[in-house]
Structures are given as structure tokens and as C-alpha cells.
Amino acid sequence: MEEWPPGTRAICRREKPHPGAQLRLWDHDGLRHQVVLTNSEGDPVDLELRHRRHAEVENRICNLKDCGLERTPFSSFDANAAWMELVLTAGDLFARCQCICLDGDLARAEPRTLRYRLLHTAGRLVHRSRQVVLRLSEHWPWAEDLAHAYQRLALLTI
């Protein structure tokens, strides 16, 4: 049996799974265990936090791929560089919108979900009494979430 290199440590973290998570066979007593294998020195709590923050970075990269980062649609390098800048801008706008305008499930949703629930919403901008009013369909399930997002954005611009 091979031994681990010197200085290698396994850090185990026990947590409650998020609501609706599918538990696995080895999730004992409703708790999930995550193990980090590292050879870094330092406080185990700080090392585990660093590992979780790295997972957030991986989620952002996955979201950027969903916005178009995995494609280079042009044959020209300059056109693909412009495409990449647009994708990065779209990813940044999605992330900022989630932080500032959204709450609940939409604040943690993937870009694909945001596109379906918010960006594909049929609406009409109406100019009335020197104000711009957004009219949304009453039957769209996420119309209220979109209206609240616009209200929060309007409060920031005042």
C-alpha cells in the first residue's frame, strides 16, 4: 500500500445538505461529509475555507461557459477576442444582478434559469405622466420577481 507524501492531511467537514438535496447512502443522520486532501500548511479551518472559495470560482467559470465562453464562433482571432469580452461582460452583469436585484432562488440560479425566468418575459414599457412603467403578464410565474428586481434597480439609480 502506498503512503501519502509527507505533510499531507485530510480535512473533513460535516454539513447539513441544502433543502431538496438528494442524500446519498453514506450521508449518515442527514449530514453530508466533505473531505479535502491537502499538503498545505496552516489552520485547517482556513484551508477548508480556501477550498470552498475555490469552488465558487469554479461555479463562476461554469456560468461563463453557459453564457458562451466555451464557443469561439468566428474564424478571426480579433472577433473571438471581442466575443470573449462580451461573454465576460454578460457573466459579470448576471453576477451583479443576482447580488443587487434578486433574492431567494433566483439569487443563486444558473444563467440558463435566469434567461428562461427573467429575460424571456414578455413585457411592455409604457410612458405615462413622465414616468416609464413596466407592464408584465399576470400569468407569468416569475413576473413578480422581475418587477421586484426592477424596483430594486430603480432605487439604486435615484
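Can you tell me which residue in region 103-129 is farthest from the chain's Cα centre (by Cα), limited to those that are closer than 16 Å to A143 by Cα and among the β-branched types (V, I, T)? That would be T121. If the condition is being surrounded by 14 or more Cβ atoms within 10 Å (Cβ to Cβ), under 10 Å from L64 (Cα atoms) and more than 11 Å from the chain's Cα centre (by Cα), then region 85-102 contributes V87, L88, A90.
Across region 5-23, what is the number of residues that are in contact with a strand residue (DSSP E or B) (Cβ under 8 Å, 6 or more places away or on another chain) and free of Cβ contacts under 8 Å to residues at least 12 places away in the same chain?
2
Report yes if L119 is closer than 24 Å to N63 by Cα and at pLDDT 90 or above, otherwise no.
So L119 fails the test.
The residue pairs whose first member lies in region 128-148 and is touching a residue at least 12 places away in the same chain (Cβ under 8 Å) and surrounded by fewer than 16 Cβ atoms within 10 Å (Cβ to Cβ), whose second member is of a type in the set (V, I, T) and not in a strand (DSSP E or B), and whose beta carbons are closer than 9 Å, counting only pairs six or more residues apart or on different chains, are S137/T121. Checked against the criterion of being within 25 Å of R13 (Cα to Cα), at pLDDT below 90 and touching a Cys at 6+ places or on another chain (Cβ under 6 Å), the candidates V57, V35 yield just one match: V35.
The values are calculated or read from the model by the stated rules, or taken from the named source; none is laboratory data. Please read all numbers here as calculations on a predicted model, not as lab measurements. Cβ atoms come from the backbone with ideal geometry, glycine included; neighbour counts cover every protein chain shown.
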